[in-house]
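What follows is a short report on a single structure.
Nothing in this text is a laboratory measurement; each read-out follows from the coordinates by a stated rule. These numbers were taken from a predicted model, which means no experiment stands behind them. Here Cβ is always computed from backbone atoms with ideal geometry, including for glycine, and neighbour counts include all displayed protein chains.
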């Protein structure tokens, strides 16, 4: 379940961030401070969702894999917002870049680093949860 839910949460986070980054360009007539306020109202739930997904996904995915999900989904979402919200053209160079991004994500996800990450996460959590052991200096 986490293997599917975490990338979806990160992608949704990327969608929020893309709208916050670029959506205000549609309302230039309202001024800077309105755009800033609206962007921050969008970014707050994005950040909560991102932190939640990252904490929930650690151990199922490595930090590098989750960062890859975040960056890749951000690029895809910015592309979609640029195209459909701002009406900017999507050309073959953009499509080629998205294909290379897909190849990069496949390389990042290849193998079984998730199992390795789960073992390391458990050992880090055990270290954090364990109380310090007092030693006596003689």
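For segment 82-93, what are the residues that are assigned to a helix (DSSP H, G or I) and either free of Cβ contacts under 8 Å to residues at least 12 places away in the same chain or touching a helix residue (DSSP H, G or I) at 6+ places or on another chain (Cβ under 6 Å) (or both)? Give the steps one after another, and end with the answer.
Residues of segment 82-93 assigned to a helix (DSSP H, G or I): 82-84, 92-93.
Listed by number, the residues that qualify are 83, 84, 92, 93.
Please go through (1) surrounded by 13 or more Cβ atoms within 10 Å (Cβ to Cβ); (2) assigned to a helix (DSSP H, G or I); (3) in contact with a helix residue (DSSP H, G or I) (Cβ under 7 Å, 6 or more places away or on another chain) for residue 64 and return the number of the only condition it doesn't satisfy.
For residue 64, the failing item is (1).
Quick one: residue 6 ticks every box in (1) exposed (fewer than 12 other Cβ atoms within 10 Å of the Cβ); (2) touching a strand residue (DSSP E or B) at 6+ places or on another chain (Cβ under 8 Å) except a single one, so which number is it?
Residue 6 satisfies all of (1) exposed (fewer than 12 other Cβ atoms within 10 Å of the Cβ); (2) touching a strand residue (DSSP E or B) at 6+ places or on another chain (Cβ under 8 Å) except (1).
Tell me, yes or no, whether segment 94-103 has at least one residue that is within 13 Å of the chain's Cα centre (by Cα) and under 23 Å from residue 19 (Cα atoms). Don't jump to the end; show me each part of the working.
Going residue by residue through segment 94-103, those that are within 13 Å of the chain's Cα centre (by Cα) are none.
No, every residue in segment 94-103 fails to be within 13 Å of the chain's Cα centre (by Cα) and under 23 Å from residue 19 (Cα atoms).
Given the conditions (1) in contact (Cβ under 8 Å) with a residue 24 or more places away in the chain; (2) within 24 Å of residue 27 (Cβ to Cβ); (3) not in a loop (DSSP other than H, G, I, E, B), report the number of the one that residue 79 does not fulfil.
It is condition (1) that residue 79 fails.
Search segment 16-35 for residues being touching a residue at least 60 places away in the same chain (Cβ under 8 Å) and crowded, with 20+ Cβ neighbours inside 10 Å, and hand back the single one that is farthest from residue 83 (Cα to Cα).
Here the answer is 17.
Spot the failing condition for residue 55; the list is (1) surrounded by fewer than 16 Cβ atoms within 10 Å (Cβ to Cβ); (2) under 30 Å from residue 111 (Cα atoms); (3) in contact (Cβ under 8 Å) with a residue 40 or more places away in the chain, and only one is missed.
With (1) surrounded by fewer than 16 Cβ atoms within 10 Å (Cβ to Cβ); (2) under 30 Å from residue 111 (Cα atoms); (3) in contact (Cβ under 8 Å) with a residue 40 or more places away in the chain applied to residue 55, the lone miss is (3).
Does residue 38 satisfy being free of Cβ contacts under 8 Å to residues at least 24 places away in the same chain and out of contact with any helix residue (DSSP H, G or I) (no Cβ under 8 Å at 6 or more places or on another chain)?
Values: free of Cβ contacts under 8 Å to residues at least 24 places away in the same chain: yes; out of contact with any helix residue (DSSP H, G or I) (no Cβ under 8 Å at 6 or more places or on another chain): no.
The answer is no for residue 38.
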